Structures are given as C-alpha cells and as structure tokens.
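K.L.:
Starting off with a structure, shown below.
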Amino acid sequence: MPRIHLTDRTLRALKTQKNQETFWDDSLNGFGVRVSGTSNRKSFILRYRGRNDKRPRLTIGPYPALSLADARDKARELLVDVAQGNEPAVARDNHRTGETLADLAQLYLERYAKVQKRSWREDQRMLEKDLLPRWGSSKVADVKRADVLDLLDAIVDRGAPIT
C-alpha cells in the first residue's frame, strides 16, 4: 500500500489496474483514499487502532463530492474522538445492530408489565395501536423527541387525550 502526498492534483490523476487499491497520505497517519480500478471511483478512508488492537476502517466520503481539505478535517475530528475513547466504528456497528422499538416493546412487556401490572394487556394494546405501526421496525436511536411529540399530537387529535 503506497504512501503518497495527497493533493487535489494527485487525487485527480490516481488510477489503478487492480480491482481496488488504497493510497495512504504521508502527512496524516491512517488517512487515505481508496481507488476502484473498474470505475475509477475514489473514497476517503480512515484506519485507526481501536480496542483490542483492532484496526477498523471508516469511509469518510467520496471524492470529489467531499474535498481533500474537508476529508482531512473530518479524519482529524474522528482521530480526536478515538483519542478520547469514543470509537466511531463501535458507534456505527451499534447503530446497525441496535434494538428496534418492537424489540424494546416486547422486552418491556415481558420483563416489567406482565410481572408488575395487572393491566399489562392495556399496555400491549396501546403499544400495538399507536407505537408499533409507526416505529416498530425503527431503531431506538433513530426515534427523536420531535417524533414522540408528533405521535402524542396525533393521539390528542383523534380524541384520546388521556391515552
């Protein structure tokens, strides 16, 4: 894997005969550009040493949609996060494999509602009527405060303010 001084001029000229090749920047460790041989597509990447000496690779963005200067700045920000103990690859993987709202609702019913409440069927009915049709397949991390407020407004608008 060659180390070169990345500039806009060298990025425009980069080509490879291989299926895919990575060119590493000589001024910022772990920062590079991956070039696809068939389509000549270029993407900025970052590799860093993570927990347990793993070397995750993150795609920062495509060139030329993302400039070299912006990609370097983003890589520096990610390296600062790594130095502070926040691994971007772990956050990305957690988001991909995170629980859906349907999973969380099922967990709530099994571990709390059915054990603690005689009215657990009412909780289940409300979840199945309002929450699961709208967000059942959504990741928990994707549901924002504004989304919850919209759901509450919709419930009030249909004439069920106490629910």
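K.L.:
Can you give me the three principal axis dimensions of the chain from its C-alpha atoms, in Å, biggest first?
P.N.:
67, 37, 29
K.L.:
Sticking with the crude label model, points 7 Å out along Cα→Cβ, report the distance from Ala160 to Glu99 in nm, one decimal please.
P.N.:
Roughly 2.3 nm, to one decimal.
K.L.:
Averaged per residue, what accessible area in Å² does the chain show with a 1.4 Å probe, protein chains only?
P.N.:
It amounts to 67 Å² per residue over the chain.
K.L.:
Also, I was wondering about something else. Find the Cα radius of gyration of region 1-82, compare it with 2.2 N^0.38 Å by division, and give the number to two decimals.
P.N.:
That works out to 1.05 for region 1-82.
K.L.:
May I pose another question? If you roll a 1.4 Å probe over the chain with all protein chains in place, what percent of the accessible area is carbon or sulfur?
P.N.:
Here it works out to 49 percent.
K.L.:
Among Arg76, Arg49, Arg121, which one moves the most in a GNM of the chain with springs linking Cα atoms closer than 10 Å?
P.N.:
In this elastic network of the chain, the residue with the biggest mean-square fluctuation among Arg76, Arg49, Arg121 is Arg121.
K.L.:
Further question: For region 103-163, count all C-alpha to C-alpha pairs, find those more than 16 Å apart, and express that count as a whole percent of the total.
P.N.:
51 percent
K.L.:
Using helices alone, I'd like the mean residue ellipticity at 222 nm for the chain: each DSSP H run of four-plus residues gives -39500 (n - 2.57), total over residue count, nearest 500.
P.N.:
Here the helix-only value at 222 nm equals -11000 deg cm²/dmol.
K.L.:
With a 1.4 Å probe and every protein chain left in place, tell me how much accessible area Trp135 has, in Å² to the nearest 10.
P.N.:
30 Å²
The values are calculated or read from the model by the stated rules, or taken from the named source; none is laboratory data. Since the model is a prediction, treat every value here as computed from it, not as a measurement. No Cβ is skipped: glycine too gets one built from the backbone with ideal geometry, and neighbour counts run over all protein chains shown. Only protein heavy atoms, including side chains, enter the accessible area calculation; ligands, DNA and RNA are left aside. Shrake-Rupley method; radii C 1.70, N 1.55, O 1.52, S 1.80 Å.
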